[in-house]
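Bear in mind these aren't lab numbers, they're just calculated from the coordinates by the rules spelled out. Please read these numbers as outputs of a predicted model, since none were measured by experiment. Counting neighbours? That spans all protein chains shown, and the Cβs are built from the backbone with ideal geometry, glycine included.
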Amino acid sequence: MAKKKRTISKPLSAVSDKPGSILLRWKEFADQHKNWIYGTLAGVIIIIAGIFGIRYYSAVSQDRAYVLYEKGMEIRRELELKKDTPSTDRTGIDAFDEVLTRYPDTEAAKLTCIAYGDYEYGNGNYDQAIAHYLQALKAVESEPLMKAFVLNSIGYCYEEKKDYKTASGYFTKILDSENKMLKDLAHFSLARAYEAMGDAPDALSQYEIIVKDYPDSIHFQAAEERMY
């Protein structure tokens, strides 16, 4: 006896992919899994709210930090205009302290570290200045020009401490970078450090580089005079 041929009971035309049928399927799925859907949506909403909350808090922190930084800088500028004000006057420095304490991860904190370093350098507190500059250096790692300025400032601090070898190391870091800004200053500072160490040949070679490669440098004339 021949086997009965198996067939699909519902013809292909009866299986509709029209929009109405697809929406109906989604409705059926939603009815069956509504608890899971509601839970997932709630989770997504919480995540989105968290992201916006973090961004809002970050923006507010940035603004408040900049206000404090500008407040400190304005006070310092006013003091500098008064000739009878001692350089050790810490008026306005409390604003810097507040920025670094309350808003350490803001852009203003980066500028505050540099300003604080400048203040300590101006008062001969070179170790404290170095500490602030090193903190700033971490924050400006991806900003070539700012990084060069900070490296140069650290070099100046060590120069004042008469640690010329360490100073020359920081000046050399500026020359080793791909950034072309401040390289004439770095050559000049390096030459000065070599001179202080009694290394006349290396100092002379740095002055020669300035005269040859940086004719528009503000250090050109001084470098040229040191060569003769």
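Using only the Cα atoms of the range 144-228, construct the convex hull and provide its projected area averaged over every direction, in square nanometres to one decimal.
Working: hull surface 20.0 nm².
Mean orientational projected area (the range 144-228, Cα hull): 5.0 nm².
Average projected area of the Cα convex hull of the range 117-190, in nm²?
Value for the range 117-190: 4.3 nm².
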Anything over 24 Å Cα to Cα? Flag those among Lys138/Lys180; Lys110/Lys165; Lys173/Lys212; Lys138/Lys183; Lys162/Lys183; Lys71/Lys173, in the order listed.
Lys110/Lys165; Lys71/Lys173
Have a look at Tyr119, Tyr103, Ala131 and report the one farthest towards the positive end of the charge dipole of the range 98-168, computed about the Cα centre with Cβ charges (Lys/Arg +1, Asp/Glu -1).
Ala131
